[in-house]
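Notes to accompany the following structure.
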Amino acid sequence: MNSATFAYLSDFIKDRSGLVLSEEKQYLVETRLLPVARKHDITNLDALATALRTPFSGDLATDVIEAMTTNETFFFRDMTPFDNLKETVLPALMKSRTSGRLRIWCAAASSGQEPYSIAIVLKELGAKAAGFTFDIIGTDLSMEVLERAKAATYSQFEVQRGLPVNLLLKYFSQNGDTWQVNQDIRSMVQFRPLNLLRDFSALGVFDIVFCRNVLIYFDRETKTDVLARLAKQMTPDGFLVLGAAETVVGITEAFRPMAGKRGLYQNSLTPAATPREHLKLSVG
Amino acid sequence: MRTCLVVDDSSVIRKVARRIIEDMEFSIVEAEDGEQALGHCVESMPDVVLLDWNMPVMDGLMFLQELRTLPGGEAPQVIFCTTENDVGQIARAMRAGANEYIMKPFDRDIIESKFSQTGLI
């Protein structure tokens, strides 16, 4: 791949997905896009860049963006966000609302492991969630991963990364070497294609937004823009969950980090709780 | 340093598991069947047992049942690691007192994930 091709591809990918690729990510572009080139009978990445410049390159463009933006994920990835959801976020929202509908958005749902993990956490609340209904919306740029997410069928490897065996037995059905999420969990989640760079106001307002390991790929300007628009789609007492390597600090004033809760942020419209008030918040 | 007893009749599996678990700062003791494993437990109770199911002399399920009757035998975390991947067998192992279950083939991520879920790391 010559430098002009890399420059063209990185501009093309940033424009369509927001993903910023520095020079040292050249290997990543080659690893991800050579299989796409082969699929379209294109000999190399220079020829692939040429093909993308032609009209009617729609399918190729979609495949390029999907290949670059699809990342491996697993159930209960990193665990802490799900502990925070169970121990801090849900008790706080359920205390202030007492009943009603809570809307949760997974902004990078990928193949579905994160929204289904959230649905399992909610299901495990059992009677503690009496009086509440939950909507989980999973969105992703890639149609291909969303199809996988809707199918909710995972390999033996996938169900063993992060998912405790008792939850596997309780919420999945075995079909040979694959496991499918049971209907009662599947029915709690809806999936839709969405590009975070575009307007997402039609999704409505959410109480909780999981937007993990997405912002790290964006430049500062894009991060600020996405976070500002996220804040507008959240209730004043809403919670934002970011990845462990991500922060809002120095990027936006729209969210405030929660002390001692890594990756968890509150809408800045929420009055800050005292440490004593935080201690009171626990399910049950 | 905490100890992990790796019980499997395959020396290859024991070697692969040893390499992964040693990286998590456990010292490893190996046994090639349930009877040998019980002997190790009587001598010194490990913190965790990575346990195959089908083995000669004494299988994994029988070992687990015997282990839980030993003084201090309720303490070790027992993680089955077996080609038996039927939901009924998994449930049976859990009822017998296993703490987690790995369906072979496994990789480093799966072992780490199960050790994390059982509070070992």
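The values are calculated or read from the model by the stated rules, or taken from the named source; none is laboratory data. In this text the structure is predicted, and so the values were computed from the model without any measurement. Note that we place each Cβ from the backbone using ideal geometry, even for glycine, and neighbour counts take in every protein chain shown.
Odds and ends about this structure:
So that you can scan it fast, the table gives a plain yes or no per residue for (1) over 16 Å from the mean Cα position of the chain (by Cα); (2) at pLDDT 95 or above; (3) closer than 19 Å to A:Leu141 by Cβ:
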position: A:Gln190; (1), (2), (3): no, yes, yes
position: A:Ala202; (1), (2), (3): yes, yes, yes
position: A:Phe206; (1), (2), (3): no, yes, yes
position: A:Asn213; (1), (2), (3): no, no, yes
position: A:Ile216; (1), (2), (3): no, no, yes
position: A:Arg220; (1), (2), (3): yes, no, no
position: A:Leu240; (1), (2), (3): no, yes, no
position: A:Gly243; (1), (2), (3): no, no, yes
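- When residues of the range A:46-76 are limited to those that are acidic (Asp, Glu) and over 25 Å from A:Ser155 (Cβ atoms), the one surrounded by the most Cβ atoms within 10 Å (Cβ to Cβ): A:Asp46
- Selected residue (criterion: surrounded by the most Cβ atoms within 10 Å (Cβ to Cβ)) from residues of the range A:149-208 that are touching a Ser or Thr at 6+ places or on another chain (Cβ under 9 Å) and among the hydroxyl-bearing types (Ser, Thr, Tyr): A:Tyr154
- Every residue from the range B:4-22 that is within 17 Å of B:Asp47 (Cβ to Cβ) and either of a type in the set (A, V, I, L, M, F, W, C) or touching a residue at least 12 places away in the same chain (Cβ under 8 Å) (or both): B:Cys4, B:Leu5, B:Val6, B:Val7, B:Ala17, B:Arg18, B:Ile20, B:Ile21
- Scanning the range B:64-92 for residues that are more than 9 Å from every other protein chain (Cβ to nearest Cβ) and in a helix (DSSP H, G or I) yields B:Leu64, B:Gln65, B:Glu66, B:Leu67, B:Arg68, B:Thr69, B:Gly88, B:Gln89, B:Arg92.
- Taken across the range A:22-31, residues that are under 27 Å from the mean Cα position of the chain (by Cα) and at pLDDT 90 or above do occur, with at least one present.
- Scan of the range A:62-108 for residues that are part of a helix (DSSP H, G or I) and closer than 30 Å to A:Leu48 by Cβ, ordered by number: A:Thr62, A:Asp63, A:Val64, A:Ile65, A:Glu66, A:Ala67, A:Met68, A:Thr69
- Residue that is nearest to A:Arg16 (Cα to Cα), among those in the range A:29-61 that are part of a helix (DSSP H, G or I) and among the polar types (S, T, N, Q): A:Thr50
- Any hit, the range A:167-185, residues being in contact (Cβ under 8 Å) with a residue 24 or more places away in the chain, farther than 15 Å from A:Phe74 by Cα and more than 14 Å from chain B (Cβ to nearest Cβ): yes
- Test: residue in the range A:8-17 that is loosely packed, with under 13 Cβ neighbours inside 10 Å and over 19 Å from A:Asn71 (Cβ atoms): yes
- From B:Met55, B:Met45, residue being in contact with an Asp or Glu (Cβ under 7 Å, 6 or more places away or on another chain), more than 12 Å from chain A (Cβ to nearest Cβ) and not in a helix (DSSP H, G or I): B:Met55
- Subset of the range A:165-214 (residues that are farther than 30 Å from B:Ala98 by Cα, assigned to a loop (DSSP other than H, G, I, E, B) and small (Gly, Ala, Ser)): A:Ser187, A:Gly204
- B:Asp107 vs. criteria within 10 Å of chain A (Cβ to nearest Cβ), closer than 26 Å to A:Phe76 by Cβ, charged (D, E, K, R) and surrounded by fewer than 17 Cβ atoms within 10 Å (Cβ to Cβ): yes
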